[in-house]
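Just so it is clear, none of the values below were taken in a lab; they were calculated from the coordinates. If you're wondering where the values come from, they're calculated on a predicted model, not measured in any experiment. Because the Cβ atoms are built from the backbone with ideal geometry, glycine has one as well, and the counts that use them run over all protein chains shown.
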Amino acid sequence: MFATHIWQNIPKSINIGLMTLSEVRSRYLAFFAARGHNIIPSASLVPENDPTTLFTSSGMQPLVPYLLGQPHPEGKRLTNSQKSFRADDIDEVGDNRHTTFFEMLGNWSLGDYFKKEQLPWIFEFLTDPQTGVGLDPMNLYVTVFAGDSEMEIPADDESVKIWTELFHSKDIEAKYVPLGSEENGSAAGMQGGRIFSYDVKKNWWSRAGVPSKMPAGEPGGPDSEVFYEFKAIPHDPKFGAQCHPNCDCGRFLEIGNSVFMEYKKREDGEFEKLAQQNVDFGGGLERMVAASIDSPQYMDVFHIDVFQKMADVLTPDPVIMETEEGVRKMRVILDHMRAAIFLIGDGVLPANKGQGYVLRRLLRRTALFSLSIKPKDGWIDAMVWAVAKLYKEQYENIFADADKIAKTINEEFGKFMAAVADGMQEFEKRRKAGTITGKDAFDLYQSYGFPWELTQEIATEKGLKVDKEEFEREFTKHRDLSRTAAAGTFKGGLADTSEKTIRLHTTHHLLLRALQTVLGPTVKQRGSNITSERLRLDYLHDAKLTDEQKAAVEKIVNEKIVEDLPVIRSEMALEEAEKLGAEHEFGQKYPARVSVYSIGPKSATLENPQFNKAFSIEFCGGPHVSHTGEIGHFTIAKEEAVAAGIRRIRGVIE
Ligand SMILES: [Zn+2]
Ligand SMILES: [Zn+2]
């Protein structure tokens, strides 16, 4: 048996089906482009105009309006690789497969093809060595929906039939085993099966969750997942008596999920077939690459090329790398650094709440763990540049901003280290004979930003004990408000399109144009966020707004509101929009056909938008008010610097 807890980079001599992240990504996009799909760019990690969620966490999230029926400017067949971030997985990072940042490969049918196209395509992509990943089909297992008798939704027999034929085409016996629940799965085990069915908890998708929770009018449907089996990883009975595809022991890795949105819940609670049936596929890019490397020693998402190249710059203490704890810390550093680089690349900066708070947590945890694995000096800059080069083709903004990103990370590490130095003095003061109380640990956390792990680590080094339960009791008592607020917004879901949010969104367009009018055309948007309370606009500019400039900006926005200008949505080719000088966010990529919103002139209509006389034209997905008169009165609530050359305005309407 191989040792799971020794960190080793893959020797250069090994090249077993070794594919890089970029290769798998470009093969996937080419594969679906060849099947009539338009490639759309990745949306930002920070969702625009969506106050209900902090981060883009799946490829589907930015496409929800289109899955619900709005026509997409790029047509009915779409594909992309979407940058995704899941903050709720932070504490799970450290095993062989969890990461906070990942890319989700997606393909969508918006009322076009369905199961009999989707499943064979995915199977071909995963198994074909020329155009796809070339995985051995003997290592693939699939799951389908078992049906729900209470809600009278039938089992997904069609998918069972399609999968059976696909495996037969590779001379693989594909026994169908209805497992029902996850509990039954761990009791009954594999039973020689290849295709398994599970209940609503595992194989049903809707935004609201299981069918009984869905509101009337909500679409949803069965899904079908593909798992890759790492045969050399033994089942761990800690996770259940028997192993099965949905077991969490690490043997089965979920690599893709096809959602078939085919039902709608009616007012009477019954389900009926949707008029427009959609497919939404999401596949884990990193996981597919890891599966392609599968060899008994390297069954680990952290062995893909990107993480290997990042690890190369660390040269950690080899003794520590032979411990389970050392390997866990290494994985955390690799994951958190890559995530931080991409978040900063999309405009997030360390802060005490919201997205910035999550970034701060990632960086402080990285700083903490780097203390114990002791990498060589200068590793932060080296790692940022390694990532920037690896992703240069797909995400140019990371490469262009690499120096700035490294600077932000170094500054945050510096702050953390200074806090650690202060905290150490306090630690020494508080240590008593053989112990640090839980209350002491909490005070260190509260006043010096000492995470629990740090206190525990220093205590262990000095042969002291810390009362973890007492620390946790204190922690729960004083739970940081911003953290609670942040956690509350992790739930996800459709953009809040409350009326006020929409009004603020249109105001946001007016504000950007007003800033350019007052400060000059060099003002460019660098980030935005809108909630139902306020708008926030980050823009490139060197100096603070003077009181006169602030008043002038407010005046222009309010004049445009009073003029009651029409707001018009047009679709056009990207080049055409660029020729019009439509505003777009600095560093973002756009698809070949785009949606553009223009404001004014007074006589503009849908048929004749009169762009040459418009006050504002922006690349934008909406939604907006139909006339600026609906907005109300605008005021700048705050203007401040967020980073060198970047200013931030918060504005409100009443
Ligand atoms: Zn298992
Ligand atoms: Zn907009």
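If you take the charge dipole of the chain about its Cα centre, with +1 on Lys and Arg Cβ and -1 on Asp and Glu Cβ, which of L454, L504, L63 is farthest toward its positive end?
Result: L454.
List T605, T143 from most exposed to least, where exposure is judged by having the fewest other Cβ atoms within 10 Å.
Working: T605 9, T143 27.
By the 10 Å Cβ count, ascending: T605, T143.
Run through segment 156-261 and list the trypsin sites (Lys or Arg not before Pro) located in a DSSP loop whose Cβ has at most 11 other Cβ atoms within 10 Å. Could you put the intermediate results ahead of the total?
Details: sites: K161, K170, K175, R194, K201, K202, R207, K213, K231, K238, R251; in loops: K170, K175, R194, R207, K231, R251.
Sparse-neighbourhood loop trypsin sites (Lys or Arg not before Pro): none present.
For a Förster distance of 60 Å, can you work out the FRET efficiency between the beta-carbons of T635 and A232, rounded to the nearest 0.05? Show your work: numbers first, answer last.
Details: r = 63 Å, r/R0 = 1.06.
Efficiency for this residue pair is about 0.40.
Loop only by DSSP, 16 or fewer other Cβ within 10 Å of the Cβ. Give me the trypsin sites (Lys or Arg not before Pro) in segment 442-474 that pass, ordered by residue number.
Passing sites in segment 442-474 are K462.
Going through segment 373-412, which trypsin sites (Lys or Arg not before Pro) have at most 16 other Cβ atoms within 10 Å and a DSSP loop state? Mind dumping the intermediate values first?
Working: sites: K376, K389, K392, K404, K407; in loops: K376, K392.
Answer in residue order: K376, K392.
Taking segment 54-294 as the region of interest, what is the percent of Cα-Cα pairs per 10 angstrom bin, listed from the shortest bin to the one with the maximum distance?
Calculated P(r), rounded to whole percents: 7, 31, 39, 21, 3, 0.
Tabulate in residue order the Karplus-calculated ³J(HN,Hα) for segment 565-573, using 6.51 cos²θ - 1.76 cosθ + 1.60 with θ = phi - 60°, rounded to whole Hz; enter x for Gly and Pro.
In residue order, the calculated couplings are 6, x, 10, 10, 9, 10, 10, 7, 5 Hz.
Sort T476, T437 by Cβ crowding within 10 Å, fewest neighbours at the top.
Details: T476 8, T437 17.
Ordered by Cβ neighbours within 10 Å, fewest first: T476, T437.
Taking the square root of 5 times each eigenvalue of the Cα gyration tensor, what semi-axes in Å does the equivalent ellipsoid of segment 499-653 have, largest first? Don't jump to the answer; show the numbers that get you there.
On the way: eigenvalues 107, 68, 39 Å².
After scaling each eigenvalue by five and taking roots: 23, 18, 14 Å.
Could you work out how much longer the chain between R328 and A551 gets when fully extended? Use 0.36 nm per residue separation minus the Cα distance between them, nm to one decimal.
Details: separation 223, 0.36 × 223 = 80.28 nm, distance 5.36 nm.
Here the segment from R328 to A551 would lengthen by 74.9 nm.
Which cross-chain or sequence-distant (5 or more) residues have an amide H under 5 Å from the amide H of T435, H modelled 1.01 Å from N in plane?
So T435 has HN proximity to K465.
Normalise the Cα radius of gyration of segment 581-640 by 2.2 N^0.38 Å (N = residues in it) and let me know the number. Mind dumping the intermediate values first?
Details: Rg = 13.7 Å, N = 60, 2.2 N^0.38 = 10.4 Å.
Rg over 2.2 N^0.38 Å, computed on Cα atoms: 1.32.
At a threshold of 8 angstrom on Cα-Cα distance, excluding pairs fewer than six apart, so keeping six or more, what relative contact order does the chain reach in percent?
Relative contact order, the chain: 13 percent.
Can you give the convex hull volume of the alpha carbon atoms of the chain per residue, in Å³?
Working: hull volume 115.9 nm³, N = 654.
Per residue, the Cα convex hull of the chain comes to 177 Å³.
Relative contact order for segment 499-653: what percent, with Cα pairs under 8 Å and sequence separation of 6 or more? Write down the numbers at each step before the final one.
Numbers: 305 pairs, mean separation 47.7, N = 155.
That works out to 31 percent.
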